[in-house]
1. Only residues that are under 25 Å from residue 45 (Cβ atoms), surrounded by 19 or more Cβ atoms within 10 Å (Cβ to Cβ) and not β-branched (Val, Ile, Thr): list them for region 140-164, please.
2. Inside region 104-131, can you point out the residues that are under 17 Å from the mean Cα position of the chain (by Cα) and not hydrophobic (A, V, I, L, M, F, W, C)?
3. Mind checking which residues of region 29-67 are within 26 Å of residue 173 (Cα to Cα), among the hydrophobic types (A, V, I, L, M, F, W, C) and within 13 Å of the chain's Cα centre (by Cα)?
4. Would a scan of region 6-20 turn up a residue that is under 18 Å from residue 99 (Cα atoms), surrounded by fewer than 21 Cβ atoms within 10 Å (Cβ to Cβ) and out of contact with any Leu (no Cβ under 8 Å at 6 or more places or on another chain)?
Amino acid sequence: MAAETIYLGGGCFWCTEAVFDRVRGIVDVESGYANGQLDNPSYEDICTGQTGHAEVVKLEFDPAIISLRDLLMIFFGTHDPTTLNRQGNDVGTQYRSGIYTTSAEQAEVARALIRDIEADKAFDHAIVTEVQPLQKYWPAEDYHQDYFLHNPNQGYCAFVVGPKVQKLKKVFTRWLKD
């Protein structure tokens, strides 16, 4: 079966990238910017909060190894999908929780999972994750790619990214790459 692509915004893309780099069935992870009004935005443009983009990761995955539903369970389990336009101290529309789909089937899987999670009352507050078709995508600058891998001891990485990776290792053990 051919690889599929989906785009996920879980706050800072360094965190989301670091998590999915370690997940079995993920073929490739790239940090970038989704949707928004400005073509070819820079990180500085995004940080203004005025461009409408979300920080995302482009995930190519093998559905024969990991289903989209399981991939999205990891996504919901490693960020807070109940805070609008923020993740922890990262505040702004660029840090919103979002699932940007490449097919109607992906959108339905995402919406059905959100309904199931809400019915199970897995979170104390309502999920605010937006589910939208991907309109535009631009890769982030090279220095953002594999940021946690290259900078594990940098302050933000040690105190924000690291705990998300640890949660993946603790809660989603069966999905870890060997």
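The values are calculated or read from the model by the stated rules, or taken from the named source; none is laboratory data. As the structure is a prediction and not an experimental result, all values here were calculated from the model. Here Cβ is always computed from backbone atoms with ideal geometry, including for glycine, and neighbour counts include all displayed protein chains.
1. 140, 147, 148, 157
2. Filtering region 104-131 for residues under 17 Å from the mean Cα position of the chain (by Cα) gives 106-107, 109-111, 113-114, 127-131.
Across region 104-131, the qualifying residues are 106, 111, 129, 130.
3. The answer is 29, 56, 57, 59.
4. Taking region 6-20 as the starting set, the residues that turn out to be under 18 Å from residue 99 (Cα atoms) are 6-20.
From what is left, the residues that are surrounded by fewer than 21 Cβ atoms within 10 Å (Cβ to Cβ) are none.
Scanning region 6-20, I find no residue that is under 18 Å from residue 99 (Cα atoms), surrounded by fewer than 21 Cβ atoms within 10 Å (Cβ to Cβ) and out of contact with any Leu (no Cβ under 8 Å at 6 or more places or on another chain), so the answer is no.
For every residue, the table says whether it meets (1) over 17 Å from residue 136 (Cβ atoms); (2) of a type in the set (S, T, N, Q); (3) at pLDDT below 95.
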| position | (1), (2), (3) |
| --- | --- |
| 16 | yes, yes, no |
| 25 | yes, no, no |
| 31 | no, yes, no |
| 41 | no, no, no |
| 45 | no, no, no |
| 55 | no, no, no |
| 62 | yes, no, no |
| 67 | yes, yes, no |
